[in-house]
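**Student:** Okay, here's the structure, questions in a sec.
The values are calculated or read from the model by the stated rules, or taken from the named source; none is laboratory data. Bear in mind the structure is a predicted one, so any value in this text is a computation, not a measurement. Heads up, the Cβs are rebuilt from the backbone with ideal geometry, glycines too, and the neighbour counts pull from every protein chain shown. Each accessible area value is taken on the protein alone, full model and side chains, heavy atoms only, with ligands, DNA and RNA left out. Shrake-Rupley method; radii C 1.70, N 1.55, O 1.52, S 1.80 Å.
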Amino acid sequence: MTLRNFKWRNLYLWLVFIVLYAPIIFLVVYSFSQGTTMNNFHGFTWQHYQDLFADSRLIAIFLDTILIALLSSLLATVIGTLGALGINSTTKPITRNTLLSLNNILMVSPDVIIGASFLIFFTALKIPLGFGSVLLSHIAFSIPIVVLMVLPKIQEMSTSLLDAAADLGANNWQLLSQVIVPYIMPGIFSGFFMALTYSLDDFAVTFFVTGNGFSTLSVEIYSRARQGINLEINALSGLMFLMALVLVIGYYFINQYSSRHRRPAVRGRRK
């Protein structure tokens, strides 16, 4: 009975992965088709990738999207990490729960509501829509993600570690830079990569706050898809999937590296 349940569970997992990855594989495969539609595969070609790299507008939008994602992720990681430290330092449970609830509002609110709210906010303050509005919006919805990734690592840290460093004469800056930050670095990396992924993937919020002269890949792909299927978009999707795969693999190795270097330090402190 146990073996039978185990096989059925494996089959279910395989079905879930097939459903998740089949559309992506379908897009990538047809990015190499010589045809112009996804009705039939007409033979292998690199032409759509050549057209993609020859499309100066799309390349510029791609670079703007990467720049937005990197800047928003870096700033959101710094702000979110400081926010997690501030939430963890609160002593009153009601204050901590209130701060966590306020932090989670952007996580549970629909993207359409968030995008419309940002649009009203920028319009009311007469902030022009474009690079700046998109950057501010991405920072805002990425901060809660970073807080949720960093806060558990802070809560795992023993207070005796901080007390020992303070007894050895460490000041507040040394405690933060040499004890707290190295310990919670896996959570910081996790928050950064999650914020980067959310920024690259976001459409609904970005759609509301982009101006006429600025766009991101998600908005541009949506605009072009409305005009008809273009296998150049398939090529772009394939490259974006490859980039996401590299990010995931990079995060995995960074996490493994941090874990290997953290275990000897933990064993040393126990001795």
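**Student:** Compute the helix-to-body angle for 111-124: its Cα long axis versus the longest principal axis of the chain, expressed 0 to 90° and rounded to tens.
**Tutor:** On a 0 to 90 degree scale, this one is about 80.
**Student:** Under a plain spin-label model, where a point goes 7 Å from the Cα along Cα-to-Cβ, how far apart in nm are Asp55 and Leu11?
**Tutor:** If labels sit at Asp55 and Leu11, their model points lie 4.2 nm apart.
**Student:** Additional query: Summarise the accessible area of the chain (1.4 Å probe, protein heavy atoms) by the percent that is carbon and sulfur. Don't skip to the answer; put the middle values down first.
**Tutor:** Values: 11230 of 16690 Å².
Answer for the chain: carbon and sulfur cover 67 percent of the accessible area.
**Student:** Oh, and also: Taking a cut-off of 18 Å, what percent of all Cα-Cα pairs in the stretch 115-198 are separated by more than that? Walk me through the numbers on the way to the answer.
**Tutor:** Details: 2002 of 3486 pairs.
Taking all Cα-Cα pairs of the stretch 115-198, the fraction more than 18 Å apart is 57 percent.
**Student:** Which loop-located chymotrypsin sites (Phe, Trp or Tyr not before Pro) does the stretch 1-99 contain, where loop means any DSSP state but H, G, I, E or B and the Cβ has at most 16 other Cβ atoms within 10 Å? Kindly include the intermediate steps, with their values, before the conclusion.
**Tutor:** On the way: sites: Phe6, Trp8, Tyr12, Trp14, Phe17, Tyr21, Phe26, Tyr30, Phe32, Phe41, Phe44, Trp46, Tyr49, Phe53, Phe62; in loops: Phe32, Phe41, Trp46.
Taking the stretch 1-99 and a limit of 16 other Cβ atoms within 10 Å, the loop chymotrypsin sites (Phe, Trp or Tyr not before Pro) found are Phe41, Trp46.
**Student:** In addition: Compute from the Cα atoms of the stretch 55-258 the Rg and the Dmax, the latter being the longest Cα-Cα distance, and quote both in angstrom.
**Tutor:** Rg and Dmax of the stretch 55-258, Cα atoms, are 19.6, 67 Å.
**Student:** Next up: In degrees, nearest 10, range 0 to 90: what is the angle between the Cα axis of helix 56-89 and the longest Cα principal axis of the chain?
**Tutor:** 20 degrees
**Student:** Specify the angular offset, from 0 to 90 degrees and rounded to the nearest 10, of the alpha carbon long axis of helix 93-108 from the longest principal axis of the alpha carbons in the chain.
**Tutor:** It is inclined by approximately 10 degrees.
**Student:** Separate question: Averaged per residue, what accessible area in Å² does the chain show with a 1.4 Å probe, protein chains only? Numbers along the way, then the final one.
**Tutor:** Working: 16690 Å² over 271 residues.
Counting only protein heavy atoms, the per-residue value for the chain is 62 Å².
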